[in-house]
Every structure is written in C-alpha cells, then in structure tokens.
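Let me begin by presenting the structure, written as structure tokens, before commenting on it.
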Amino acid sequence: QFATRVVSCQAAELRPEGGGAPLRGFQVVLEDTILFPEGGGQPDDRGFIGEVPVLRVTRRGPEALHFVPAPLEPGAAVVLSLDWDRRFDHMQQHSGQHLITAIAEQMFGFKTTSWELGRQRSVIELNTPSMTAEQIGALERSVNEKIRERVPVTVRELAADDPEIETVRSRGLPDNHAGPVRVVDIEGVDSNMCCGTHVSNLSDLQVIKLLGTEKGKKNKTNLVFLAGNRVLKSIEQSHSTEKALTSLLKNGPGEHVEAVKRLQSSVKLLQKNNLNLLRDIALLIAQDFKNRPVRSQLFALHRKEGDSEFMNIIANEIGTEDTLLFLTVGDEKEAGLFLLAGPVEAVENLGPRVAELLGGKGAGKRGRFQGKATKMSQRGEAQALLQEFLSHRSPEA
C-alpha cells in the first residue's frame, strides 16, 4: 500500500482488451504511484485507489494515468493498494526475459529484437531464423544454473547524458522519455535499460522452462518460455490432464500416445466405413425414387447424418431435369447443410429464398444451390415455398 493524493480526475473511456463497447470512467493522476503503467513489453499493474478498482494504468510522458470507474476528488488523500499476485508474476516473467536474452546472446550471438509478456506464456523474438533443440536445451540449463547461483538483481538510475549509458544494452529510449535513465543489472550477467518491474534476486524466479520455438517474422524466431509460478501452474495442469487420460485410456502415462494413435486409426476406419454406407444409402434412396410409377415434382429429404457428398450423390442419380430436389442434413434443432437442385431457372429463383428461410448462406450454378443453414427447424417453411412455386407453374413451364 501507498499513501498519496489525487492531482486530477477527468472523464474518459476505456476500450476493453477483449474488444467490445468502451467503458465510461475517469482518468486519475496521483502525486506518485506504485502501480506500473504498461510499457517495455510488460502489461500494467492493477489494484485499488481506496475502494475504487483500477482497471488500467497507462503512461503519458512522466505521468501514470489510472483508469477508474468512479470519480475521485482532486486534492483528496488516498491509499493506493497493489494486486501483488499480478505484480510478482510480471516481475518473474520480466526478469526471466532479461536473463534468457542475456544468456542467448552470450552463448549463440542471438540478439533479442522484441518480447511480449502474455497472460499464459511469454515470447522473446530472436534475430535468428531458427534454433536447434540442442541450443534450446543448453540455454535452459544455463539460465537455471544462474537462478540456483542466487545472482542479485539491482536497479540504478543514470543521467540521460551519462557516458556509461553507451555500455548498457538497450533498444533506445521512447520519444517521450523524461527524467533519468533506469538500468537493471543482473550481477555479472547483464546491464539493461528498462522501465519494468523485477525481482531482487534470480532465486525469486524459482525456475525457467523454455517451451520451444515458433517461426517469427522476417527470418526471426520466437522463443516461448514460462518463469516461476507459471511453471508450477503448467505442471499442475499437465498432471491433471495426465490423470484424466489415465482414467479414460485405462493405461499409464507412458502408453498414452500409443493408445491415442490406436484410437485415431479406429476412428479413421469407422469414418471410412460410415462414408461408404452413406453413399450406398444415397444410391438406394435415389433408385427407390426413380422406380416409383408416378414421380412427384418435388422430392424432399432430411437426414440427421450426412454431408454434401451424400446429397450430391442423390441429386446426380435422380437427375434434375424434371424434378425439384430439396435435401438437408444435420440436427433438426441446430445447424446443417442444404441442397436445392432442379431446373436452372427455378433453382436460381428459389435458392437465395430457401437460404434466407433457413438462416444460412449459399451459392450455386447450373441448377444447383447449396450452402450452410443455421435454422434447420425452418425446413417446413422452405418446403412449403417450393410446393407453392410448383403449384403456380404452368404446364408448359
């Protein structure tokens, strides 16, 4: 907690991180703050001003802007409290990034070009097109050795014109920087210009796990990592998954992969057999219709199990010169697929109207119109539309 005063309070809007309508609230400037404003790859802190929650903290020059849902009186004395769990997580990930960045450059000459502290995992962008598994393993061992050595992490401030700044690792100062330059030192490992929050000793990181790499942009590689409590949470989630799979597959963790492979093979075989049966059913349905002594002008069919191929086989087998076919597949109460086939002019006229009734979209050519439907329960209305159209056609047509 931290006692301070309100300097100003102005009406403002906040756009939620997940999108959606902006929230109405207020931007508050305090005499000083313990809440970190987002920047340098690190998200902002959260907390409370008195009883009022702080929903976002941003930086404007030397000022931190606290977005709150309720107004605060300028000049009022307030107590600022910090969400420590969020802060400590960010400290672990940010100090972890500094350590990984420094060791990766020392060991392999891979410079860090950017990084992102994510909600679930963090990513360091390295200026190399790839990293081998051996390099990742060696880097992980090296950073964890430094953690076990309990190396101190310290912060110092230098004047903007101090020549020592030239010896500090940096990607440059922001255009609106004001005041002294803050340098974070990992003793004997790294000196880095940084505005973020950090642990005071590498032992506070507990452990770092490198999860592997992903292809980055412009011949760069994204190195994914977890630090500290995030590693423990990941192990907990993995263990819960492992227990669930052990129960479902009826074997030990070492046999899970092979068991899943066998299941996948069985499913593929069943799917193949099911498709063959659907094709046979489609042919039988079409042949049954063709063998009727008197054929109706409209042939409508709905089947819960099926796909586009099932419907097209029926349409191909029956032929659509004289008959209008309305075929649907899918759950009666949910979404599905539809096919309208028949005389070209009739299909061009009716296809978009059927799609609209079924709450879907489609496209067609040469006497066929097919697509997806979100309101399969409206099949009856669509069928009635087709029947009405046919009843108004002249014999010549």
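The values are calculated or read from the model by the stated rules, or taken from the named source; none is laboratory data. Every value quoted in this text rests on a predicted model; they were computed, and no experiment measured them. As a convention, Cβ positions derive from the backbone with ideal geometry for all residues, glycine included, and neighbour counts pool all protein chains shown. When the accessible area is computed, the model is the full protein with side chains, heavy atoms only, and any ligands, DNA or RNA have been set aside. Shrake-Rupley method; radii C 1.70, N 1.55, O 1.52, S 1.80 Å.
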> In the range 206-228, which residues have a backbone nitrogen under 18 Å from the label point lying 7 Å from Ser130's Cα in the Cα-to-Cβ direction?
Replying inline: 212-224
> Of the heavy-atom accessible surface of the range 7-67 (probe 1.4 angstrom), what whole percent is carbon and sulfur?
Replying inline: 51
> R0 = 45 Å: FRET efficiency of Glu348 with Glu214, Cβ-based, nearest 0.05?
Replying inline: 0.45
> Residues with amide H under 5 Å of Gly216's amide H, sequence separation 5 or more or different chain, H placed in the peptide plane at 1.01 Å from N; which?
Replying inline: Thr221, Asn222
>> What is the distance in Å between the Cα centroid of the range 111-189 and that of the range 267-312?
In response: 63
> Given H placed 1.01 Å from N in the peptide plane, which residues other than close sequence neighbours of Ala300 have an amide H under 5 Å from its amide H?
Replying inline: Phe326
> Expressed as a rounded percentage, what relative contact order does the chain have, with Cα pairs under 8 Å and six or more residues apart?
Replying inline: 10
> Can you count the Lys pairs in the range 87-236 with C-alpha separation below 28 Å, eight or more apart or on different chains?
Replying inline: 15
>> Please list, ordered by chain and number, the residues whose modelled amide H lies under 5 Å from the amide H of Val54; skip anything fewer than 5 residues away on the same chain.
In response: Gly47, Phe48, Ile49
> Reachable aspartates and glutamates from Lys365, Cα under 16 Å, same-chain residues fewer than 8 places away excluded?
Replying inline: Glu321, Glu345, Glu348
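Extension gain Ala76-Val7, at 0.36 nm per residue separation less the Cα-Cα distance, in nm?
Computed gain between Ala76 and Val7 is 24.0 nm.
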> What are the ³J(HN,Hα) values, in whole Hz, obtained from phi via the Karplus relation 6.51 cos²θ - 1.76 cosθ + 1.60 with θ = phi - 60°, for each residue of the range 217-224 in sequence order, with x given for Gly and Pro?
Replying inline: 9, 6, 6, 10, 10, 9, 9, 9
> Given the pairs Lys243/Lys268; Lys268/Lys304; Lys261/Lys304; Lys333/Lys372; Lys243/Lys272; Lys268/Lys375, which are separated by over 23 angstrom at their Cα positions?
Replying inline: Lys243/Lys268; Lys261/Lys304; Lys243/Lys272; Lys268/Lys375
>> I'd like the Karplus ³J(HN,Hα) series for the range 379-389: coefficients 6.51, -1.76, 1.60, θ = phi - 60°, whole numbers in Hz, and an x wherever there's a Gly or Pro.
In response: 4, x, 5, 5, 5, 5, 4, 5, 5, 5, 4
> Taking the structure as given and computing P(r) over Cα pairs in 10 Å bins from 0, in percent, which label from [x] 5, 24, 36, 27, 8, 0; [y] 4, 15, 17, 14, 13, 14, 13, 7, 2, 0; [z] 4, 18, 25, 21, 15, 11, 5, 1, 0 fits?
Replying inline: [y]
